[in-house]
1. Quick one: would you say Ser189 is of a type outside the set (Phe, Trp, Tyr) and part of a loop (DSSP other than H, G, I, E, B)?
2. Could you go through the stretch 150-161 and let me know if any residue there is part of a strand (DSSP E or B) and of a type in the set (A, V, I, L, M).
3. Output the residue which, of all residues in the stretch 37-54 that are among the aliphatic types (A, V, I, L, M) and open to solvent by 30 Å² or more (accessible area, probe 1.4 Å), is nearest to Met1 (Cα to Cα).
4. Which pairs do you get when a residue that is within 20 Å of Leu214 (Cβ to Cβ), found in the stretch 308-333, comes within reach of a residue that is of a type in the set (Ser, Thr, Tyr) and surrounded by 19 or more Cβ atoms within 10 Å (Cβ to Cβ), reach meaning Cβ atoms under 7 angstrom, with the pair 6+ apart or on two chains?
5. Tally up the residues in the stretch 60-72 that are farther than 14 Å from Ala4 by Cα and either touching a Lys or Arg at 6+ places or on another chain (Cβ under 6 Å) or open to solvent by less than 70 Å² (accessible area, probe 1.4 Å) (or both), please.
6. For the stretch 239-281, how many residues meet the condition of being at pLDDT below 95 and farther than 26 Å from Ala192 by Cβ?
7. Just wondering, is there one or more residues in the stretch 21-29 that are small (Gly, Ala, Ser), under 17 Å from Gly146 (Cα atoms), within 25 Å of the chain's Cα centre (by Cα) and surrounded by 18 or more Cβ atoms within 10 Å (Cβ to Cβ)?
Amino acid sequence: MKLASLADGRDGRLAVVSHDLAWYAPADHLVPTLQAALDDWDRHEPVLQALATDLEHGAIPRERFHERRVMAPLPRAYQWVDGSAYVNHVELVRKARGAELPDSFWHDPLMYQGGSDDLGGPREPITLADEAWGCDMEAEICVVTGDVPQGVSAEAALGHIRLVGLVNDVSLRNLIPGELAKGFGFVQSKPASHFSPVFVTPDELGAAWSGGKLNRVLMVDLNGQSFGRAEAGEECTFDFGTLIAHLAKTRRIGAGSIIGSGTVSNRDPDGSPGRPCSAGGRGYSCIAEQRMIETIAGGEAKTPFLQNGDVVRIEMRDEAGHTIFGAIEQSVVQG
């Protein structure tokens, strides 16, 4: 089942979307918003699933689905946290700012809590007040949970995942060092994150969803050129069950919480940090990684961070080449 929030008010109107993302049927007569559905998932999920089945069979009135006409599936959420499933990314980005990677990072996930009161839709622009802030995209996988008890095990946590999607966790790289130097975490350097047009139930992903990992290529384009083609399941150090259990160690997690994977990242097959797509590699899911590779190879970073007018596109396709979540496609505009 694929779910979206039609643009209407602050929280949108819930809709079910066809498997091919061509059609939708309003679902707000059953439950008004996605958050309301998540609050009582066991009751609402079977009814929404039946509506989705009727939509696939053409048994109910339907309308054309347009990705530009939807909000983030959860336009505001009770919680948005981002993890560090891809330690290769963490290592490269820390090197870029002259910080070593403690060995514990390979065994104990990093996680930060971001703002969730204003989550961006898939076609909303990235507003940038100052290009000197070093604006970067971070292409990631995310999951949405139901209610999760405190102290849940990593294995049991997988059963609390309701939905899966994509996110662009925008970062202002040049503001990060100053904030972290204060010893209290990100605030200004992490503006609004943006989400895929639809979130999908794990069963929709078939064999690609296994053990809390999504085994498909995450496609990142910058200004129409291939920038990243990382395989999301291949070097995922921490599965989503582990990330959820980490978050729930000392507290309960409320329904409608969104947990991000961190930037999807691969090493090159020979074990090196990786090559750009233009050089036959898998590229990168953020600019900071490419800049780090350039620094390692030539002593300085050459690829600029995002500038006004740049266009970022993030998408994932199934084995037949069909889009799974729709595309996040954003222009960078003066804020």
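1. yes
2. Looking only at the stretch 150-161, we keep the residues that are part of a strand (DSSP E or B), and these are 161.
Among the residues that remain, those that are also of a type in the set (A, V, I, L, M) are: 161.
Yes; the residues of the stretch 150-161 include at least one that is part of a strand (DSSP E or B) and of a type in the set (A, V, I, L, M).
3. Step one: filter the stretch 37-54 for residues among the aliphatic types (A, V, I, L, M), giving 37-38, 47-48, 50-52.
Still in the running and open to solvent by 30 Å² or more (accessible area, probe 1.4 Å): 47, 50.
Working: Val47: 11, Ala50: 9 Å.
The residue in question is Ala50.
4. Qualifying pairs under 7 Å: Phe325/Ser196; Gly326/Ser196; Ile328/Ser196.
5. Residues flagged as farther than 14 Å from Ala4 by Cα and either touching a Lys or Arg at 6+ places or on another chain (Cβ under 6 Å) or open to solvent by less than 70 Å² (accessible area, probe 1.4 Å) (or both) within the stretch 60-72 amount to 1.
6. 16
7. Filtering the stretch 21-29 down to residues small (Gly, Ala, Ser) leaves 22, 25, 27.
When the remaining residues are screened for being under 17 Å from Gly146 (Cα atoms), the result is none.
No, the stretch 21-29 has no match at all.
The values are calculated or read from the model by the stated rules, or taken from the named source; none is laboratory data. Being a predicted model, the structure only gives us computed values, none of them experimental. Quick reminder, even Gly has a Cβ in these numbers, built from the backbone with ideal geometry, and neighbours come from all protein chains shown. To get the accessible areas, we keep the full protein, side chains included, count just its heavy atoms, and leave off ligands, DNA and RNA. Shrake-Rupley method; radii C 1.70, N 1.55, O 1.52, S 1.80 Å.
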